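Reading through the structure tokens given below for one structure.
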Amino acid sequence: MSKLEIHQIPCLNDNYGYLIHDPEADMTAAIDTPDTAPIETALRSHGWQLTHILNTHHHGDHTGGNLALQERTGCTIIGPRDEADKIPGIDREVGDGDTFLFGTHEVRVLGVPGHTLGHIAYYFEDAEVAFVGDALFALGCGRVFEGTPDQMWGSLEKLMQLPDNTKVYCAHEYTQANAKFAITVEPGNADLSARVKEIDALRARGEPTVPTTIGLERRTNPFVRPMSEEIQSIVGLVGATPAAVFTEVRLRKDSF
Ligand code: FE
Ligand code: ZN
């Protein structure tokens with residue numbers, strides 16, 4: 001397996017930008033561009049040349065640095081076809097099911113609409129990592145701004161089909177707030193209680209709670225656990241469809 005180096009960059013208030021580097025091909029991509037300066041600082045400190053930007057969706061805290069970075073580095077911008085008109089500087093449009101090469105790595109594009117209609121995730125099967133933007137968070141999921149809750153549920157189901165050991169790099173540090181909500185809808189989940197303690201300890205030391213893994217989310221994230229009898233009973237939807245339970249959980253979090 002060839003190597004993929006990943007560098008996590010706190011940006012703005014609670015965003016994470018990422019640099020990924022393929023040492024064999026000497027290629028470097030920014031996953032989203034919340035800001036310019038911290039990304040350039042990280043590039044300089046590693047001695048990496050930016051060759052690509054991979055955008056997950058069109059929101060400004062994910063694309064705000066696109067044009068400045070493209071102007072300074074001449075990098076190629078890859079982004080979601082279904083919202084290409086809103087991705088500054090986009091050179092190459094990709095959508096669900098597409099694959100492309102980043103150096104020696106095959107990248108699979110997953111359409112994960114809901115937060116925005118064209119939102120995509122980038123899955124590196126050989127490196128066992130996924131960059132999911134604002135579709136899935138540690139103990140949370142993105143707000144459903146443009147799509148429907150059904151669509152968002154379909155997107156989360158798709159992500160949950162990835163192998164349990166897949167590392168999940170989300171675009172925000174929202175975990176502690178998500179944990180406070182999660183524990184109210186599944187208080188009897190021992191894995192969740194243990195995780196909440198770990199999260200509090202990490203944040204008390206100022207450390208990130210991201211990345212997470214698909215397996216950990218499957219065990220603890222209420223948004224991907226609508227089959228949990230406890231969640232169904234707490235939201236008053238025993239025996240309802242997963243999509244219906246998800247919709248109710250999402251609604252409750254919106255006003256939590
Ligand atoms: Fe967003
Ligand atoms: Zn965001």
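Data overview
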{"read-out": "Carbon/sulfur fraction of accessible area - the range 139-256, other protein chains in place, 1.4 Å, %", "value": "53"}
{"read-out": "Percent carbon-and-sulfur accessible area, the range 46-112, ignoring ligands, DNA and RNA, probe 1.4 Å", "value": "41"}
{"read-out": "Within straight-line cross-link reach of LYS180, lysines at Cα separation under 18 Å, skipping those fewer than 8 residues along the same chain", "value": "LYS197, LYS253"}
{"read-out": "Three-way shape label, the chain, alpha-carbon gyration tensor, a/c 1.5", "value": "prolate"}
{"read-out": "Length-normalised contact order of the chain in % [C-alpha pairs under 8 Å, at least 6 apart]", "value": "13"}
{"read-out": "Relative contact order %, the range 92-143, counting alpha carbon pairs below 8 Å whose residues are six or more apart", "value": "25"}
{"read-out": "Within-13-Å neighbourhood charge of PRO38 [Cβ basis; K, R +1; D, E -1]", "value": "-3"}
{"read-out": "Value at 222 nm in deg cm²/dmol, rounded to 500, when DSSP H runs of n ≥ 4 in the chain each add -39,500 (n - 2.57)", "value": "-9500 deg cm²/dmol"}
{"read-out": "Most fluctuating residue given options GLY47, GLY236, GLY74, as computed from a GNM of the chain linking Cα atoms under 10 Å", "value": "GLY47"}
{"read-out": "Sequence-separation-based contact order of the range 1-153, relative, with Cα cut under 8 Å and 6+ spacing, percent", "value": "16"}
{"read-out": "Rounded, prolate or oblate (a/c below 1.5 giving rounded, otherwise prolate when a/b exceeds b/c) for the range 162-226 by Cα gyration tensor", "value": "oblate"}
{"read-out": "Accessible area of the range 99-210 divided out per residue, in Å², using a probe of 1.4 angstrom", "value": "38"}
{"read-out": "Highest-fluctuation residue, PRO80, PRO34, PRO187 considered, GNM on the chain with Cα pairs under 10 Å", "value": "PRO187"}
{"read-out": "Amide N of the range 99-133 lying under 18 Å from the label point, which is placed 7 angstrom from the Cα of ASP26 along Cα→Cβ", "value": "102-105"}
{"read-out": "For the range 85-126: rounded, prolate or oblate by the Cα gyration tensor [a/c cutoff 1.5]", "value": "oblate"}
{"read-out": "Only Lys, Arg (+1) and Asp, Glu (-1) charged, at Cβ; the chain dipole about Cα centre in debye", "value": "620"}
{"read-out": "Note, ³J(HN,Hα) from phi for the range 19-35, Karplus 6.51, -1.76, 1.60, rounded to Hz, x at Gly and Pro", "value": "10, 10, 10, 9, x, 5, 8, 6, 10, 9, 10, 9, 8, 6, 9, x, 8"}
{"read-out": "Length added when fully stretched, ALA240-ALA190, from 0.36 nm per residue minus Cα-Cα", "value": "15.6 nm"}
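The values are calculated or read from the model by the stated rules, or taken from the named source; none is laboratory data. Not measured: the values here are computed from a predicted model. A quick note on method: Cβ atoms are made from the backbone with ideal geometry, for glycine too, and the neighbour counts reach across all protein chains shown. SASA here: full protein model, heavy atoms, side chains in, ligands and nucleic acids out. Shrake-Rupley method; radii C 1.70, N 1.55, O 1.52, S 1.80 Å.
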